[in-house]
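Please treat every number below as a calculation from the coordinates, not as lab data. Everything quoted here is computed from the prediction, not taken from an experiment. Using ideal geometry, Cβ is built from the backbone for each residue, glycine included, and neighbour counts are taken over all protein chains shown.
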Amino acid sequence: MLDPEIQNFLNDRKEIWLKKKINNKTSDEEMAELERQASDEFSLTAWLPHAAVRAKQLSLVSHPGKFSHPSAKISSIIAKAERAPDGFLRTGNVSTGLDVFGNAAAMDVHKFLTIVLSDNKTVLAHLEDKTETIEKQLTIPTVPFEIIEQGLLAIKQDDETSTKTSEKVKQVYFPVGDDYHLLSVLTPSNVMYKLKERINIMRFSEEAKAVREAKKKNHHHENVLSEIYGLTVIGFGGTKPQNISVLNSQNGGAAYLLPSMPPQLEARKTQPPKSSFFTNTLWVKPFESDFQAFHKALQRLAAEGGNNIHNRRKRDYLIRNIIYQVVDRLWAVRYIASGWSDSERCQQLPREQKIWLDQQYKESREENAEWLDSIKNELALWFINAYLKLINDKEAQGLGDEQISHIKKMVGECEEALI
């Protein structure tokens, strides 16, 4: 018994043929003759041998050359690629069928081969697997099944003995070692139109419409509304999209282009230090007002003999304030993607500072604090040098041994913030 889907296909072909032949002037006798003729012509016995001969006028492909130029004649390419979790939208990572191009008058053969039978398997898949089911379905008295099978499978065969490209296809020279390969750039039409299908579902499905309506009315909806901005429509084939490929024809010759602009990068305010955090990152100029205030506090202490507890607290507050500003810059460096200190440009950065600054060493930093003494000494030295640089030497006379020791003591008290 003939599969219902094959019979439906033949009936549809018959109806299309009759619509072209019958008009208001067709008499009943002529109509009856046309219907008899259509029944004969679109019976499996009559239609199938003709289809098997015409199948070679079509080619199944994954990357048609005609998307680059309608006149491009290249080999029929069916790319095979393994699926891999590499994050790329490419052949192999997307479940798509194949495209087909060739004589537009033979496209009904491709439609026949893509019929899904009652076992959810296409006619073409059955032919490729040489199943008993398809042999029973396509066995007719006039032509041996082997001839029918060979003819229909010609849609996946290339007459060329070697791969052929065309000067009308986009070319690119790709460096390989000391030489170049000339590559022909082809369009993966099956992937391109699968992308369009998914975008259309995202934008125009009933679910998307319901979410938009809820948003318009300011109502809650359990589903999320997704949008893709900056889409551009590109056309292939002009008024005859069928001359490019079947998928192109089915999509009206229109596909989507996603935005492909360079990213808008913001300049990073904090650059990782090359040789030292204290010289490459801690510029003294932003601390000028703080050191001026610190200098005035030292002057008041010197004038009073260092006995005023309020001035001593003011001095200590200003020291901590500067140290905590250093900590802020420390974390700005730590927020840079971990591992930055492994780069070649940071080779001169001391090991202790790499541990202190780079978050890839977070666990080592917390488990072993041997690096900390070096950092505290360098911070205290930076504090003293920054003060002397911002305040001229004569005015900085108040920074004696006692104050230097006190600064080092205050850095030690802020140890927890530095880890």
Q. What angle, in degrees between 0 and 90 and rounded to the nearest 10, separates the Cα long axis of helix 206-216 from the longest principal axis of the Cα atoms of the chain?
A. 40 degrees
Q) Taking +1 at the Cβ of each Lys and Arg and -1 at the Cβ of each Asp and Glu, which of 260, 68, 7 sits farthest along the dipole of the chain towards its positive end, judged by Cα position relative to the Cα centre? A) 260
Q: At most 16 other Cβ atoms within 10 Å and a DSSP loop assignment: could you name the chymotrypsin sites (Phe, Trp or Tyr not before Pro) in the range 314-387 that fit?
A: 335
Q. Looking at the range 200-257, which chymotrypsin sites (Phe, Trp or Tyr not before Pro) are DSSP coil and have at most 15 other C-beta atoms within 10 Å of their C-beta?
A. 229
Q. Of 210, 293, 38, which is the most mobile in a GNM of the chain whose springs link Cα atoms less than 10 angstrom apart?
A. 293
Q) Quick one: net charge of residue 241's neighbours, Cβ under 13 Å, K/R +1, D/E -1? A) +1
Q. If one takes the longest principal axis of the Cα atoms in the chain, at what angle in degrees, from 0 to 90 and to the nearest 10, does the Cα axis of helix 4-21 lie?
A. 70 degrees
Q.
Rounded to the nearest 20 debye, what is the charge dipole size of the range 277-418 about its Cα centre when +1 sits on each Lys and Arg Cβ and -1 on each Asp and Glu Cβ?
A. 560 debye
Q) Got a sec? Which residues in the range 106-120 would a label at residue 17 touch, if it sits 7 Å along Cα→Cβ and we count backbone N under 18 Å? A) 106-113
Q. With a ≥ b ≥ c the root eigenvalues of the C-alpha gyration tensor of the range 58-151, is it rounded (a/c under 1.5), prolate (a/b larger than b/c) or oblate?
A. oblate
Q. Which of the aspartates and glutamates could a cross-linker bridge to residue 73, judged by Cα under 17 Å and excluding same-chain residues fewer than eight apart?
A. 99, 158, 159, 160, 167
Q) Distance in nm between label sites at residue 213 and residue 299, each 7 Å beyond Cα in the beta-carbon direction? A) 7.6 nm
(Q) Can you give me the angle between helix 28-41 and the longest principal axis of the chain, using Cα atoms only, in degrees from 0 to 90, rounded to the nearest 10? (A) 70 degrees
Q.
With N set to the number of residues, divide the alpha-carbon radius of gyration of the chain by 2.2 N^0.38 Å and report two decimals.
A. 1.78
Q. Rounded, prolate or oblate: which one fits the range 182-285, using the alpha carbon gyration tensor with axes a ≥ b ≥ c (rounded when a/c is under 1.5, else prolate when a/b beats b/c, else oblate)?
A. oblate
Q: Rounded to whole Hz and in sequence order, give me ³J(HN,Hα) for the range 115-130 from the Karplus expression 6.51 cos²θ - 1.76 cosθ + 1.60, θ = phi - 60°, writing x for Gly and Pro.
A: 4, 8, 7, 5, 8, 6, 10, 6, 4, 4, 4, 4, 5, 5, 8, 6
Q: Select from the range 322-388 those GluC sites (Glu not before Pro) which occupy a DSSP coil region and have at most 16 other Cβ atoms within 10 Å, ordered by residue number.
A: 370
(Q) Set the bar at 23 Å for Cα to Cα. Now go through 168/240; 56/196; 314/354; 111/170 and name every pair that lies beyond it. (A) 56/196; 314/354; 111/170
Q. Roughly how many Å is it from the Cα centre of the range 76-116 to that of the range 158-231, as a whole number?
A. 14 Å
**Q.** Distance between modelled label sites at residue 139 and residue 205, nm, 7 Å Cα→Cβ extension
**A.** 4.4 nm
Q.
I'd like to know which of 37, 324, 17 lies farthest towards the positive end of the charge dipole of the chain, counting +1 on Cβ of Lys and Arg and -1 on Cβ of Asp and Glu.
A. 324
Q: Using the Cα centre as the reference, give the magnitude of the dipole from point charges on the C-beta atoms of the chain (Lys, Arg: +1; Asp, Glu: -1; all else neutral), rounded to the nearest 20 debye.
A: 1780 debye
Q) Just how far, in whole angstrom, is the range 18-52 from the range 348-392 if you go by their alpha carbon centroids? A) 91 Å
